[in-house]
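Structure record follows, encoded as structure tokens.
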Protein chains: 2
Amino acid sequence: MPASTDRLARTLSQHGLRQTPVRRGVLEVLAGAAFALSGSEIEQQLPAGTDRITLYRTLKSFEESGLIHRVIDSSDVVRYAACSIECSAEAHFDNHVHFKCTTCQHIYCLNQVAIPAVTLPAQFQAVSRDYLLAGVCRECQPAG
Amino acid sequence: MPASTDRLARTLSQHGLRQTPVRRGVLEVLAGAAFALSGSEIEQQLPAGTDRITLYRTLKSFEESGLIHRVIDSSDVVRYAACSIECSAEAHFDNHVHFKCTTCQHIYCLNQVAIPAVTLPAQFQAVSRDYLLAGVCRECQPAG
DNA sequence: ACCCAAAAAGTTACAATGTTGCACGTGCAA
DNA sequence: TTGCACGTGCAACATTGTAACTTTTTGGGT
């Protein structure tokens with residue numbers, strides 16, 4: 001058993017999830033992605049014939065276990081990214097901004113850029129925050 | 001012709017859009033909404049029998065004309081809100097945070113709360129920013 | 001190594017949201 | 001008032017996601 005498979009297996013068991021081919025596959029795809037992926041994008045990277053319903057259920061259980069988080073997008077699809085190492089089912093530390101490239105459409109997790117706080121009007125209580133930037137990414141900058 | 005109809009007509013013509021019953025209706029619904037609405041929510045508030053396809057096309061042309069803007073959401077549906085008065089087709093001044101209530105699901109435009117700036121890594125150039133908070137709104141706070 | 005209960009996967013069917021292509025009707029300006 | 005581009009309505013369809021139900025797999029206990 002290669003080391004990467006071992007690592008995936010450990011991550012699953014640490015979050016109380018059973019070892020299955022689909023779960024290992026989905027986790028591998030998301031862990032290896034440099035940016036957030038939609039359900040259909042993940043499906044394309046999985047072995048042909050992987051069941052779509054099972055994929056969505058896998059994403060749901062991963063999200064509930066704190067293994068991945070949703071990344072908001074200005075379009076109409078939900079995208080997912082692997083959580084950083086310190087996430088758990090109890091608390092997501094998804095405190096970084098996201099950046100969507102308008103050229104290549106990739107959504108990056110800028111882990112090193114924290115979401116700044118805001119002061120809300122009286123009687124609004126926030127429990128989570130999302131900050132999405134759109135523009136041109138590193139890879140798509142015009143040469144110069 | 002009542003004053004409100006006159007105002008709607010003026011807004012449409014200022015953005016180079018024709019006067020039609022559907023457009024006036026959609027604009028009236030969005031202008032009167034205290035929070036962002038999805039396509040189907042708008043449809044429900046329009047006269048029965050209004051064509052769904054026409055509605056989506058209307059929303060698209062409104063967005064392109066700068067009359068309304070998309071409000072990002074952590075769910076999988078796109079929501080729209082009327083732009084503030086100073087928006088145009090060329091530039092949106094949608095520089096306020098949005099707040100989604102996890103109890104009543106409403107999305108508020110907090111016009112008085114500006115989006116704070118962040119410093120991006122080298123070679124990332126942002127042109128737009130979205131900041132979405134989730135929590136419990138004014139109306140849904142437990143009494144006390 | 002085997003059994004079993006629970007969990008996950010697979011199948012079918014369905015719902016919601018949104019789009020495309022085309023024919024027809026209407027707002028608006030000449 | 002007439003032309004016609006633009007908007008509408010319709011049918012069909014694509015994509016994304018879910019519900020109910022059955023079959024298979026996983027992992028713990030024996």
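The values are calculated or read from the model by the stated rules, or taken from the named source; none is laboratory data. Values in this document were obtained by computation on a predicted structure and should not be read as measured data. Cβ atoms come from the backbone with ideal geometry, glycine included; neighbour counts cover every protein chain shown. Calculation scope for accessible area: heavy atoms of the full protein, side chains included, ligands and nucleic acids excluded. Shrake-Rupley method; radii C 1.70, N 1.55, O 1.52, S 1.80 Å.
Separation of segment A:121-137 and segment B:1-74 by C-alpha centroid, Å? Cα centroid to Cα centroid, the span is 26 Å. In order along segment B:39-56, phi translates into HN-Hα couplings of x, 5, 5, 5, 4, 5, 8, 8, x, 4, x, 5, 6, 5, 5, 4, 4, 5 Hz, rounded to whole numbers, per the Karplus curve 6.51 cos²θ - 1.76 cosθ + 1.60 with θ = phi - 60° and x for Gly and Pro. Overall, the accessible surface of the protein assembly as shown at a probe of 1.4 angstrom is composed of carbon and sulfur to the extent of 50 percent. The figure for A:C109 is an accessible area of roughly 40 square angstrom, using a 1.4 Å probe on the protein chains alone. To the nearest ten degrees, helix B:21-32 and the longest principal axis of the Cα atoms of chain B are 40 degrees apart. Overall, segment A:3-139 carries a charge dipole of about 180 debye about its Cα centre when +1 sits on the Cβ of Lys and Arg and -1 on the Cβ of Asp and Glu, all other atoms neutral.
So if R0 is 30 Å, what FRET efficiency would A:D51 and B:A117 give, r being the distance between their Cβ atoms, rounded to the nearest 0.05?
So the FRET efficiency works out to roughly 0.10.
Our coupling estimate for segment A:110-116, obtained by passing each phi through the Karplus curve with A = 6.51, B = -1.76, C = 1.60 and θ = phi - 60°, is 8, 4, 8, 10, 6, 6, x Hz, Gly and Pro reported as x. With its label point put 7 Å out from Cα toward Cβ, B:P121 sits 3.7 nm from the same residue's point in the other copies, in order from shortest. Where does helix A:3-14 land angle-wise versus the long Cα axis of chain A, in degrees 0 to 90, nearest 10? It works out to around 70 degrees.
Taking GluC sites (Glu not before Pro) as candidate sites, keep only those in a DSSP loop with at most 12 other Cβ atoms within 10 Å, then name the longest stretch of chain B containing none of them. Could you put the intermediate results ahead of the total?
Values: sites that count: B:E86, B:E90.
Longest site-free region, per DSSP loop and neighbour criteria: B:1-85.
Taken over the protein assembly as shown, the convex hull of the Cα atoms encloses 187 Å³ per residue. Take every Cα pair under 8 Å whose residues are at least 6 apart in sequence, average their separation, divide by the length of chain A, and the relative contact order is 19 percent. For the protein assembly as shown, the residue among A:H98, B:S38, A:Q112 whose Cα projects farthest onto the positive side of the dipole built from Cβ charges is B:S38.
At a temperature of 4 °C and a viscosity of 1.567 mPa s, determine how fast segment B:3-140 diffuses translationally according to Stokes-Einstein, using the Kirkwood radius over alpha-carbon pairs as Rh; express D in µm²/s, rounded to the nearest whole number. Don't jump to the answer; show the numbers that get you there.
Details: Rh = 16.1 Å.
Using the Kirkwood radius from Cα pairs, D works out to 81 µm²/s.
Computed from the C-beta positions of A:E41 and B:D6, the FRET efficiency with R₀ = 51 Å rounds to 0.60.
For B:D73, the amide hydrogen comes within under 5 Å of the amide hydrogens of A:D73, counting only partners 5 or more places away or on other chains and with H modelled in the peptide plane.
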